[in-house]
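Take a look at the structure below.
The values are calculated or read from the model by the stated rules, or taken from the named source; none is laboratory data. What you see is a predicted model, and the numbers here were worked out from it, not measured in a lab. With ideal geometry, Cβ positions are generated from the backbone for all residues, glycine too; neighbour counts draw on all protein chains shown.
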Amino acid sequence: MDFAQAREEMVEDQILRRGVRDESVLAAMRTVPREAFTAPELADEAYEDRALPIAEGQTISQPYIVAAMVEAARLKAGDRVLEVGAGSGYAAAVISRIAGQVFGIERDDGLTQAARARLQALGYGNIALATGDGSRGWQEAAPFDAIIVSAGGLRVPEDLKRQLREDGRLVMPVGPVHDQHLLCLTRHGGGFHRYDLGAVRFVALITQEHA
């Protein structure tokens, strides 16, 4: 299979056509080899328009959703970004092609170890991964210019809000599983501006208290 051609067709057919226009996001989606983040037996399906299973009952998100979330976060060169729910490491890799430093948290240590080894082998040197309760953020690395949460919850955790810089952006699916909406919050003047990017469906954000 010609993965480079499949990657280009994915960007054109699945991402551009749905309205993602940020050139840095499109370039990152064209660059990161999604097939390297799937199970070997699913590599030929890596550029299909859907989520794919990975280990521990988790998934690698649909390419369009990754692109839409990264675009909503309005990333810039030099940004410090927290990704909650790192999974296979694919979204962190995409983010790393735009931002200066990426910090990823994953609750399952097996996934963390596998993602770390994969990212190191692929040469993504500006990503740090840790295992933990993503709803608590990564206080030692805060504050962040953007936080992207790749799992859904009934509300945005307060710890994550506190770890945003002024004018920082937080993107997260919020609501019950059957009625989630992708929200973007921008911290401004001690409060948060909020807007709705539409209906989505993500796995639940599992905290240590509810594991």
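Taken together, the residues in the range 84-126 that are surrounded by 23 or more Cβ atoms within 10 Å (Cβ to Cβ), in contact with a Ser or Thr (Cβ under 6 Å, 6 or more places away or on another chain) and not hydrophobic (A, V, I, L, M, F, W, C) amount to 2.
In this structure, residue 119 does not satisfy being touching a Gly at 6+ places or on another chain (Cβ under 8 Å), in a helix (DSSP H, G or I) and touching a residue at least 40 places away in the same chain (Cβ under 8 Å). Kindly check whether there is at least one residue in the range 49-72 that is part of a loop (DSSP other than H, G, I, E, B) and of a type in the set (D, E, K, R). Yes, some residue in the range 49-72 is part of a loop (DSSP other than H, G, I, E, B) and of a type in the set (D, E, K, R).
Of all residues assigned to the range 85-105, at least one qualifies as being charged (D, E, K, R), in a loop (DSSP other than H, G, I, E, B), out of contact with any Asp or Glu (no Cβ under 7 Å at 6 or more places or on another chain) and touching a residue at least 12 places away in the same chain (Cβ under 8 Å). Highlighted here are the strands (runs of 3 or more DSSP E) found entirely within the range 146-206 that include at least 3 residues which are free of Cβ contacts under 8 Å to residues at least 40 places away in the same chain and surrounded by 15 or more Cβ atoms within 10 Å (Cβ to Cβ): 164-174, 180-188. Has the range 64-80 got at least one residue that is surrounded by 24 or more Cβ atoms within 10 Å (Cβ to Cβ), within 20 Å of residue 123 (Cα to Cα) and of a type in the set (Asp, Glu)? Checking the range 64-80: not a single residue is surrounded by 24 or more Cβ atoms within 10 Å (Cβ to Cβ), within 20 Å of residue 123 (Cα to Cα) and of a type in the set (Asp, Glu). Among the residues of the range 53-70, those that are under 19 Å from residue 180 (Cα atoms) and not β-branched (Val, Ile, Thr) comprise 58, 61, 62, 63, 64, 67, 68, 69. The set of residues in the range 1-49 being more than 17 Å from residue 98 (Cα to Cα) and within 15 Å of the chain's Cα centre (by Cα) consists of 37 alone.
Could you tell me whether the range 54-64 includes any residue that is in contact with a Pro (Cβ under 9 Å, 6 or more places away or on another chain), modelled with pLDDT under 95 and more than 24 Å from residue 186 (Cβ to Cβ)?
Yes, the range 54-64 has at least one match.
The residues listed here are 136, 118; of these, the one that is within 26 Å of residue 53 (Cα to Cα) and either touching a strand residue (DSSP E or B) at 6+ places or on another chain (Cβ under 9 Å) or among the hydrophobic types (A, V, I, L, M, F, W, C) (or both) is 136.
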